[in-house]
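As structure tokens, the structure follows; a few thoughts come after it.
The values are calculated or read from the model by the stated rules, or taken from the named source; none is laboratory data. Keep in mind the model is a prediction, meaning the values are calculated, not measured. Cβ placement follows ideal geometry from the backbone for every residue including glycine, while neighbour counts extend to all protein chains displayed.
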Amino acid sequence: MTPTDIAATAAEQAHLLSAALPYMQRYENKTVVVKYGGHAMGDAALGQAFARDIALLKQSGVNPIVVHGGGPQIGAMLSKMGIESKFEGGLRVTDRKTVEIVEMVLAGSINKEIVALINAEGEWAIGLCGKDGNMVFAEKAKKTVTDPDSNIERVLDLGFVGEPVEVDRTLLDLLARSEMIPVLAPVAPGRDGHTYNINADTFAGAIAGALGASRLLFLTDVPGVLDKDKKLIDELTVAEARALIRNGTISGGMIPKVETCIEAIERGVEGVVILNGKTPHAVLLELFTQHGAGTLIVP
Ligand SMILES: Nc1ncnc2c1ncn2[C@@H]1O[C@H](COP(=O)(O)OP(=O)(O)O)[C@@H](O)[C@H]1O
Ligand SMILES: CC(=O)N[C@@H](CCC(=O)OP(=O)(O)O)C(=O)O
């Protein structure tokens with residue numbers, strides 16, 4: 001690079017920084033929960049871009065908390081072991097053997113992979129699940145689904161699928177005051193002694209709600225909530241979102257995601273966004289530029 005090139009690059013960087021500064025100040029000392037979905041975990045370059053964003057948030061004085069999923073990765077491990085994946089209402093039917101594999105994949109390999117990626121960016125990530133520091137306790141999920149054609153409601157028995165019922169923020173508060181970035185796997189114990197598999201969206205919502213987060217971002221593999229014609233919906237009210245679930249426009253894994261958005265807003269989280277994690281640096285683009293992406297859910 002010639003001195004002129006270096007000067008031009010520096011000028012460009014300074015310009016970018018000054019544009020981002022007001023946004024950075026907005027989130028200083030604020031908690032931002034980022035849910036990193038299994039489908040958003042793409043190739044190595046995308047993973048590195050995600051880790052860089054999280055590191056940059058911490059360096060900018062934000063308190064980032066990562067909650068990750070890993071549905072496709074659990075599915076791959078189950079199929080290696082000859083176990084078929086079965087979902088009801090977007091949630092994995094989880095028997096005793098499955099919950100063992102879920103814990104192994106989520107709190108084991110995926111959690112440590114994300115921790116290593118963030119650490120490689122010069123930060124201090126720490127991988128935890130609901131069991132660590134008594135952070136989250138779960139109860140067996142009590143889910144019902146309504147058939148859109150007949151309107152008949154049915155109770156689901158999903159086995160060891162849990163819903164977070166208690167969140168103790170002691171450990172997360174301690175980490176917020178430290179150099180550490182928490183990376184959380186959605187597995188938690190029950191007071192009944194069982195281990196529960198919790199949908200990562202639900203887990204992220206419970207954490208964001210308990211901490212009164214400023215932002216809750218869901219990184220997935222679609223641009224946001226899509227309408228019947230597969231067009232992106234920029235903004236969705238809680239009532240509109242409920243109607244889209246009822247009429248079947250929102251289905252599968254998007255159901256727990258949108259339900260979590262609704263609950264998080266009702267618990268006082270200021271902004272909830274569903275966006276495409278396959279866009280490199282989606283987190284920074286959403287938080288530090290005026291080009292908000294994805295679907296913003298509003299009250
Ligand atoms: N209305 C909708 N808009 C967008 N995606 C939808 C919609 N209904 C169902 N989906 C499905 O939800 C998926 C996202 O949920 P999920 O697979 O659980 O993602 P993640 O692993 O990121 O949590 C999308 O890939 C899409 O197939
Ligand atoms: C109960 C339930 O469905 N748990 C999920 C947990 C992982 C998850 O939610 O991962 P994604 O965010 O990648 O979908 C599962 O077993 O797949």
For region 244-266 the number of residues that are more than 12 Å from ligand 1 (Cβ to nearest atom) and more than 16 Å from GLU163 (Cα to Cα) is 3
Out of GLU240, GLU286, which single residue is acidic (Asp, Glu), buried (at least 23 other Cβ atoms within 10 Å of the Cβ) and within 16 Å of ligand 1 (Cβ to nearest atom)?
GLU286
Restricting region 164-205 to residues that are charged (D, E, K, R) and surrounded by fewer than 18 Cβ atoms within 10 Å (Cβ to Cβ), the one farthest from PRO64 (Cα to Cα) turns out to be ASP192
Which numbered condition VAL269 misses (of (1) in contact (Cβ under 8 Å) with a residue 12 or more places away in the chain; (2) farther than 30 Å from GLY61 by Cβ; (3) of a type outside the set (S, T, N, Q)):
(2)
Within region 53-74, work out how many residues are within 16 Å of ligand 1 (Cβ to nearest atom), among the aliphatic types (A, V, I, L, M) and farther than 21 Å from LEU171 by Cβ.
1
Looking only at region 65-84, filter to residues that are over 18 Å from THR220 (Cβ atoms) and of a type outside the set (A, V, I, L, M, F, W, C); which one of those is surrounded by the fewest Cβ atoms within 10 Å (Cβ to Cβ)?
GLY82
Pairs returned, first residue in region 27-48 that is in a helix (DSSP H, G or I), second residue that is away from ligand 1 (no atom under 11 Å from the Cβ), beta-carbon separation under 7 angstrom, 6 or more apart or interchain, are LEU46/PRO280; GLY47/LEU117; GLN48/LEU117
Can you tell me which residue in region 129-159 is farthest from ligand 2 (Cβ to nearest atom), limited to those that are within 22 Å of ASP95 (Cβ to Cβ) and among the small types (Gly, Ala, Ser)?
GLY130
Is at least one residue of region 122-132 at pLDDT 95 or above and assigned to a helix (DSSP H, G or I)?
yes
Residues being surrounded by fewer than 19 Cβ atoms within 10 Å (Cβ to Cβ) and more than 16 Å from ligand 2 (Cβ to nearest atom) - total across region 247-270
7
Scan region 91-111 and report the pairs whose first residue is more than 11 Å from ligand 2 (Cβ to nearest atom) and whose second residue is of a type outside the set (A, V, I, L, M, F, W, C), with Cβ atoms within less than 6 Å and a gap of 6+ or a chain change.
ASP95/GLY159; ASN111/GLY127
Going by what's in this entry, would GLU166 be described as away from ligand 2 (no atom under 16 Å from the Cβ), outside any helix (DSSP H, G or I) and not basic (Lys, Arg)?
yes
Residues satisfying the stated conditions in region 80-112, i.e. of a type in the set (A, V, I, L, M) and within 12 Å of VAL187 (Cα to Cα)
VAL99, ILE101, VAL102, MET104, VAL105, LEU106, ALA107
Selection from region 133-154 of residues that are under 21 Å from THR98 (Cα atoms) and modelled with pLDDT under 95:
LYS142, LYS143
Applying the selection to region 203-220, what residues are at pLDDT below 95 and within 16 Å of ligand 2 (Cβ to nearest atom)?
THR220
Top-ranked residue in region 64-115 [being among the polar types (S, T, N, Q) and either touching a helix residue (DSSP H, G or I) at 6+ places or on another chain (Cβ under 6 Å) or in a loop (DSSP other than H, G, I, E, B) (or both); ranked as nearest to ILE255 (Cα to Cα)]
SER85
